[in-house]
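Notes for the one structure printed next.
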Amino acid sequence: MDVASDLRSLGIRPRDRLVVHASLRAVGADAETMIDGLIEAVGADGLVVVPTFTYDTPGFDPAITPSRTGALSEALRTRPDAVRSAHHSHSVAAVGRGAAALCAGHDLLAATDIDSPLDRLAMTGGLVVLIGVGHVANTTIHVGEFRAAASYLAIPFDPDWPTGGDDRFAGCSRAFGRLEAPLRERRVIRDGRVGRAVTQVMPGRAVIEETVALLRASPLGFLCTDARCYRCSLSRLRGERDRGAEADRD
Ligand SMILES: [Zn+2]
């Protein structure tokens, strides 16, 4: 398997800046092979970013708290040249040019707020790479929710999630597949494979723009329909209550 060659076939070039969400099982590669291929594809002047979320892990320490977003993220985080942002629940790790600047100050912001690492990446031409996973793993959509000031950001995914310096949360992503159709309509998705895994590459900025557009048209459009989902059920109730109050005023 040649991960770098597969990525080049998808249009990835030296100096590209990527946020990568991947299923190693779908690719058929181990984490080190995957990371080496990603770094080879973007070169020394490129940047590779992965989510290293810790959610409700107590006592977060960016230097030691393991990532809970998969083996690839944990392997990249523990590379000697990796930089990790200091957000208590939604940190990212990055290797390459500009990694420290990308990660700086994340502890002062809400999870995927404006100017958080994935927002910075998207706004500076960064690409989202989904390898063997769908848009349910596309964290940049959460950035779009913050840019749209979605009504439900104050409700955590789980009521036990710890609060930091901000009371806004990146929450449920089960319905994020809804963004794929508008992105395809806009023709910004490049399709291919990495190893055995179906792969999509797209500009982060387009992901954010289409998320904001979808939320303007349908403010609760990214809520899932699972009745057991704390965030989405409560958000829907509040949304309906607010619409009821508006109707009463009319
Ligand atoms: Zn949900």
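The values are calculated or read from the model by the stated rules, or taken from the named source; none is laboratory data. It should be emphasised that the depicted structure is a prediction, and the values quoted were computed from it without experimental measurement. Cβ: placed from backbone, ideal geometry, glycine included. Neighbour counts: every protein chain shown.
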Odd one out for Leu215 among (1) within 16 Å of the ligand (Cβ to nearest atom); (2) within 21 Å of Val133 (Cβ to Cβ); (3) within 19 Å of the chain's Cα centre (by Cα): (2)
Top-ranked residue of segment 24-45 - restricted to ones that are under 20 Å from Gly126 (Cβ atoms) and part of a helix (DSSP H, G or I), ranked as farthest from the chain's Cα centre (by Cα): Glu40
Arg241 being within 12 Å of the ligand (Cβ to nearest atom), farther than 22 Å from Tyr55 by Cβ, at pLDDT below 95 and among the charged types (D, E, K, R): no
Among the residues listed as Arg178, Arg193, Arg168, the single one being surrounded by fewer than 20 Cβ atoms within 10 Å (Cβ to Cβ) and more than 16 Å from the ligand (Cβ to nearest atom): Arg193
Selected residue [of a type in the set (D, E, K, R), crowded, with 20+ Cβ neighbours inside 10 Å and touching a residue at least 12 places away in the same chain (Cβ under 8 Å)] from Arg25, Arg97, Arg17, Arg8: Arg17
Filter result (of a type in the set (A, V, I, L, M, F, W, C) and under 14 Å from Gly177 (Cβ atoms)) within segment 215-231: Phe222, Leu223, Cys224
Considering residues of segment 130-165 that are away from the ligand (no atom under 16 Å from the Cβ) and among the hydroxyl-bearing types (Ser, Thr, Tyr) only, the residue surrounded by the fewest Cβ atoms within 10 Å (Cβ to Cβ): Thr163
Matching entry among Arg205, Arg231 (being among the basic types (Lys, Arg), under 22 Å from Pro117 (Cα atoms), within 20 Å of the chain's Cα centre (by Cα) and surrounded by 17 or more Cβ atoms within 10 Å (Cβ to Cβ)): Arg205
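This table checks each residue for (1) among the charged types (D, E, K, R); (2) assigned to a loop (DSSP other than H, G, I, E, B); (3) closer than 18 Å to Glu209 by Cβ.
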{"residue": "Phe157", "(1), (2), (3)": "no, yes, no"}
{"residue": "Trp161", "(1), (2), (3)": "no, yes, no"}
{"residue": "Asp167", "(1), (2), (3)": "yes, yes, no"}
{"residue": "Gly171", "(1), (2), (3)": "no, yes, no"}
{"residue": "Arg174", "(1), (2), (3)": "yes, yes, no"}
{"residue": "Glu180", "(1), (2), (3)": "yes, no, yes"}
{"residue": "Arg187", "(1), (2), (3)": "yes, yes, yes"}
Qualifying residue in segment 80-87 (condition: in a strand (DSSP E or B), under 16 Å from the mean Cα position of the chain (by Cα) and surrounded by 15 or more Cβ atoms within 10 Å (Cβ to Cβ)): yes
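Here are some residues: Val95, Val129, Val143. Which one is touching an Asp or Glu at 6+ places or on another chain (Cβ under 8 Å) and farther than 20 Å from Gly171 by Cα?
Testing whether each residue is touching an Asp or Glu at 6+ places or on another chain (Cβ under 8 Å) and farther than 20 Å from Gly171 by Cα leaves just Val95.
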Condition check for Cys232: assigned to a loop (DSSP other than H, G, I, E, B) and either away from the ligand (no atom under 13 Å from the Cβ) or touching a residue at least 40 places away in the same chain (Cβ under 8 Å) (or both): no
Counted residues, segment 118-155 - those being under 30 Å from Gly195 (Cα atoms) and not in a helix (DSSP H, G or I): 13
